[in-house]
Amino acid sequence: MLSQTGQPLPCADLWLGNAKATSELQQAQIVVQLGSSLTGKRLLQWQASCEPEEYWIVDDIEGRLDPAHHRGRRLIANIADWLELHPAEKRQPWCVEIPRLAEQAMQAVIACRDALAKRNWRIASATICLNRGNCLLVTAWWYV
């Protein structure tokens, strides 16, 4: 769901608030947490309340990493090495609502951001340019 190397399912804090998403996640039989640093209020709430048959944590940091104390496995290993030794198997997707909800959430964020940028641009140009005569305003958005 969340990754520091890219977001295959962006805006998790938004779509995790949707009942369809949490219902779909309840079907998970196994949860594999790669790494020790989960962030996001809703993700941490979901982590604390999820009840899969197995909960695995893969990380090379020793010590307790699951504040919810799920029953499962603690695998102390380099994540890249572990993934190379355990490639994913091709199967039919069991989760179909979450990708759709993630896309909707991302589109809503983009629309809000663009509307806010236009509003701020109008306010800035009206305030700065009209009061001072000539001016140059430059703005940029970084798309990921």
**Study point:** Neighbour-limited loop hits for GluC sites (Glu not before Pro), region 1-106 (at most 10 other Cβ within 10 Å; DSSP other than H, G, I, E, B)
**Key:** Glu53, Glu62, Glu89
Check your understanding: Equivalent-ellipsoid semi-axes (√(5λ), Cα gyration tensor) for region 28-93, whole Å, largest first?
Key -> 19, 17, 11
Check your understanding: Using the 10 angstrom Cβ neighbour count as an exposure proxy, how do Val58, Val96 rank, fewest first?
Key -> Val96, Val58
Check your understanding: What are the residues whose amide H is under 5 Å from the amide H of Val32, where those residues sit 5 or more places off or on another chain and H is modelled from the backbone?
Key -> Trp56
Review point. What is the extension gain from Asp81 to Ser36, computed as 0.36 nm multiplied by their sequence separation minus the C-alpha to C-alpha distance, in nm to one decimal?
Key: 14.6 nm
Practice item. Run the numbers on region 1-102 and let me know its relative contact order in percent, using alpha-carbon pairs under 8 Å that are six or more apart. Key: 29
Point to revise | Net charge of neighbours whose Cβ lies under 14 Å from the Cβ of Ile98, counting Lys and Arg as +1 and Asp and Glu as -1 | key: -1
Review point. Which chymotrypsin sites (Phe, Trp or Tyr not before Pro) in region 37-110 pass both tests, a DSSP loop state and at most 15 other beta-carbon atoms within 10 Å?
Key: Trp94
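A short reminder: the numbers here are calculations on the coordinates, not readings from a lab. Everything numeric in this text was worked out from a predicted model, so none of it was measured. Positions of Cβ are generated from backbone atoms using ideal geometry, with glycine treated the same way; all protein chains shown enter the neighbour counts.
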